[in-house]
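Every number here is computed from the coordinates shown, using simple stated rules; none is lab data. Given the structure is predicted, the values throughout are model-derived calculations rather than measurements. With ideal geometry, Cβ positions are generated from the backbone for all residues, glycine too; neighbour counts draw on all protein chains shown.
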Amino acid sequence: MRRLFASFRFSFLFLSVLAVSAQADSPPVHVRGAIQSVAGGSFTLAPSGGTAVPVTWNAQTKFTSLETAQIADITPGLFVGTAAIPQPDGTLKALEVHIFPEAMRGTGEGYRPFPQVAQGTMTNATITNIAGTEGAVTDNGLTLTLKYKDGQQTVTVPKGTPVVLLGQGDASMLKPQAKVSVTGTKDAGGAVTATRILVGLDGATPPI
């Protein structure tokens, strides 16, 4: 009996470790849409053309606000983030540009893959040079030199590329109809636990 109990206890512990490991190894998920309803520490997200997703947050969840900006707001010295696609000439073509406030300078600095978009990259860095018509935006947009600690990237920003201004946020921004972008982990039932939530203010929509 003692041997049977020991075997059962080992099996239980082994399965528990597997469950924790599986949860820890769960790849991050990314969902965007409008909030349907908010209750306690959770809300229901309605993705565009998809099924509603329950989302929860906790004390570790990071909140960021988002406001619509213009390509003319991109100036030298700003710390920005941009999802982009590599081009044949080695440059990157921006899909969007996030402008960070000075208080958030250095957030996620560097160059890395951006798995939410096929072949996508993400660069968070300081603008050290801008090529384009001085004081105006040409039909070809802008070309940015983005420098981070370990290197730099050249990023073209075509005219019409979404540009947004980021800021500090909190859970009070989560209201019905607000547009959000959520990064987190999904459990077996399809619920998402958010690690990061980007919330559009005044009707702004997260571009990525």
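Just a few scattered comments:
- Positive-end residue of Gln70, Val163, Gly81, charge dipole of the stretch 65-166 with Cβ unit charges: Gly81
- Radius, Kirkwood style, for the stretch 150-208 when every pair of distinct Cα atoms is counted (Å): 14.1
- Using C-alpha pairs under 8 Å with a sequence gap of at least 6, the mean separation divided by the residue count of the stretch 65-166 gives a relative contact order of 36 percent.
- Applying 1/(1 + (r/R0)^6) with r as the Cβ-Cβ distance of Ala34 and Asp150 and R0 = 41 angstrom yields a FRET efficiency of 0.60.
- P(r) tail fraction, the stretch 65-166 - alpha-carbon pairs more than 18 Å apart, %: 41
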